[in-house]
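**Q** This is the structure I have questions about; it appears just below.
The values are calculated or read from the model by the stated rules, or taken from the named source; none is laboratory data. In this text the structure is predicted, and so the values were computed from the model without any measurement. Cβ placement follows ideal geometry from the backbone for every residue including glycine, while neighbour counts extend to all protein chains displayed. Keep in mind that these areas ignore ligands, DNA and RNA; they rest on the heavy atoms of the full protein, side chains included. Shrake-Rupley method; radii C 1.70, N 1.55, O 1.52, S 1.80 Å.
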Amino acid sequence: MQIKTFKMGQFQSINSKTVRLSILDDSVALDETYDRVERMLRNFCDTNEEKEILSCWEKAVSKKCRNPLQLWSAFGLAMRALENWGKHRSFLAFSIRQVELSQEFEKSSDLFAGMDSVNSAILVADSYLNMAKGNLLMSQYKNSEKYATKCLSVLCSVRKSNLNAIKLSGYAYLYKARSNLGFSNFRNALEDLERSLRVAHDQEDRRLECFACCAMGALYLQLKDYEKGNFFSIKSCEIWTQCGSSWSTRTKVTTQLNLAEAYRKVGKIEDAMVIGEEAMKIAIENDDRSCQAYAMLCFADIHRVRKDEERSLPRYNSASGLMLDTGDQFGYMMSTIGKAKLYLQTKDYQKAIQEYFAGQKIAEAIGNKITSMHIHGELALLFQRLSNQDEARVRTLRYHRLLETMELFCGICAEPMAEKNEQLEALPCSHFFHLKCVSNNDALEMRMCPSCQKKPMKQATL
Ligand SMILES: [Zn+2]
Ligand SMILES: [Zn+2]
């Protein structure tokens with residue numbers, strides 16, 4: 001491994017200021033080092049197969065780096081570029097390699113001459129978090145949760161004393177939450193999002209707040225509380241407008257696409273279209289295949305809702321193609337389900353069933369229980385319509401089993417949640433209820449949660 005060839009003496013002058021944590025800083029404006037790394041990486045991406053980009057790039061960039069820490073930082077910058085281009089597979093490969101580098105640092109404590117244990121722990125934590133992000137981008141939620149948790153345990157001993165460590169823990173909670181959202185573990189996701197928001201507020205980190213609001217919006221959209229979904233999605237866009245001019249434009253596009261979906265769900269179709277088009281424009285300028293895919297999916301959904309099937313289908317197809325290309329299984333699943341709904345609309349039932357089956361397979365593979373549940377629900381109705389009662393019964397059964405697994409029954413009225421657009425309310429213990437049930441419940445007057453009997457008090461988390 002080439003980092004051992006560096007001379008120890010070169011580390012005397014290195015301190016935490018020379019290292020930039022890619023998780024905490026995504027700005028690309030007026031950044032010469034980033035520009036250099038990006039240009040070089042672009043060449044390697046254009047001339048190499050995807051699986052060879054990493055090794056070729058590392059070989060070349062190692063020669064230009066004076067020490068392993070510079071190489072480590074170059075990885076961070078390269079990943080920023082890869083993320084902005086939607087090159088998720090390469091991002092993940094780079095993040096795995098960066099973790100290896102930081103583990104080398106950890107093993108040979110000599111390499112950290114001039115750097116204290118707090119800062120070396122932060123490097124390791126930042127690498128783990130990049131790996132969590134890489135897995136998240138590929139819909140590999142189990143791994144992303146694992147590495148976000150690892151990051152938190154590395155930070156555990158140092159985060160009280162160090163600002164970067166505290167901020168990083170906020171991002172770790174965010175990625176953990178998004179992993180749990182991928183699995184449809186809504187309670188865990190909510191808890192970690194609240195922790196993340198608390199860090200964002202305490203540290204006045206508006207970028208983290210923007211991301212956390214965006215994820216919160218996605219959470220409530222999945223639970224079909226469209227009002228809260230809209231509230232948080234609008235908020236994340238507002239934060240970007242106020243403070244985001246120096247952040248990567250990908251952050252803007254992501255929040256816009258989230259808002260476009262929120263608008264579409266409440267029938268604000270024209271607004272959704274305007275935002276979607278702006279997002280697509282930026283995604284094309286950035287050469288960001290992943291955001292282009294989501295913008296395309298957004299258009300396909302909008303045309304479907306407008307009953308313009310001729311425009312919708314080709315857009316679903318190109319969204320699917322782009323999602324496959326970027327390795328985004330979640331996005332591919334959503335495109336497949338969109339197509340199924342479209343076929344349902346045109347009464348092409350066999351094709352609808354086919355697409356639902358395909359979507360179901362992905363939902364189960366990535367562990368996205370709520371999508372799995374909705375597909376069973378749709379299939380139950382479809383089979384009923386086709387007078388296939390046996391299959392309809394099986395689907396209904398699975399639908400209810402998943403509702404139970406996800407604890408999506410209101411603990412007050414015992415009716416299901418997330419079936420239709422309804423306002424929900426989460427108590428501080430993160431149990432969800434219908435808002436209307438919470439508003440007139442006796443147990444709550446005694447300050448007890450009807451589901452876990454806990455007193456609704458905030459838990460200290462940090
Ligand atoms: Zn209820
Ligand atoms: Zn509770």
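**Q** Specify the residue that is most open to solvent (accessible area, probe 1.4 Å); the eligible residues are those in the range 410-432 that are more than 25 Å from the chain's Cα centre (by Cα) and more than 22 Å from residue 371 (Cβ to Cβ).
**A** 414
**Q** Of these, 386, 313, 397, 324, which one is within 22 Å of the chain's Cα centre (by Cα), farther than 21 Å from residue 226 by Cβ and open to solvent by 20 Å² or more (accessible area, probe 1.4 Å)? Write out each step before concluding.
**A** Values: 386 fails: within 22 Å of the chain's Cα centre (by Cα); 313 fails: within 22 Å of the chain's Cα centre (by Cα); 397 fails: within 22 Å of the chain's Cα centre (by Cα).
Only one candidate passes the filter, namely 324.
**Q** Could you check, for the range 87-103, whether at least one of its residues is modelled with pLDDT under 85 and open to solvent by 40 Å² or more (accessible area, probe 1.4 Å)?
**A** yes
**Q** Give 187, 198, 178 a once-over and let me know the one that is open to solvent by 20 Å² or more (accessible area, probe 1.4 Å), assigned to a helix (DSSP H, G or I) and within 19 Å of residue 240 (Cα to Cα).
**A** Of the residues listed, the single one that is open to solvent by 20 Å² or more (accessible area, probe 1.4 Å), assigned to a helix (DSSP H, G or I) and within 19 Å of residue 240 (Cα to Cα) is 198.
**Q** Another one. Residues being within 14 Å of ligand 2 (Cβ to nearest atom) and closer than 10 Å to residue 411 by Cα: count how many of those fall in the range 422-440.
**A** The number of residues fulfilling the criteria is 5.
**Q** Another one. Please work out which one of (1) at pLDDT 95 or above; (2) in a helix (DSSP H, G or I); (3) within 13 Å of ligand 1 (Cβ to nearest atom) is the condition residue 397 fails and give its number.
**A** Going through (1) at pLDDT 95 or above; (2) in a helix (DSSP H, G or I); (3) within 13 Å of ligand 1 (Cβ to nearest atom) one by one, residue 397 breaks only (3).
**Q** Which pairs do you get when a residue that is closer than 17 Å to residue 448 by Cα, found in the range 409-428, comes within reach of a residue that is small (Gly, Ala, Ser) and open to solvent by 70 Å² or more (accessible area, probe 1.4 Å), reach meaning Cβ atoms under 9 angstrom, with the pair 6+ apart or on two chains?
**A** 425/439
**Q** Going by the structure shown, is residue 306 outside the structural domain of residue 22 (by TED's automatic domain parsing), open to solvent by 60 Å² or more (accessible area, probe 1.4 Å) and closer than 24 Å to residue 374 by Cα? Don't jump to the end; show me each part of the working.
**A** Values: outside the structural domain of residue 22 (by TED's automatic domain parsing): yes; open to solvent by 60 Å² or more (accessible area, probe 1.4 Å): yes; closer than 24 Å to residue 374 by Cα: yes.
Spelling it out, residue 306 is indeed outside the structural domain of residue 22 (by TED's automatic domain parsing), open to solvent by 60 Å² or more (accessible area, probe 1.4 Å) and closer than 24 Å to residue 374 by Cα.
**Q** Kindly list the number of the only condition in (1) in a helix (DSSP H, G or I); (2) in the same structural domain as residue 131 (by TED's automatic domain parsing) that fails for residue 210.
**A** Result: residue 210 fails condition (2) only.
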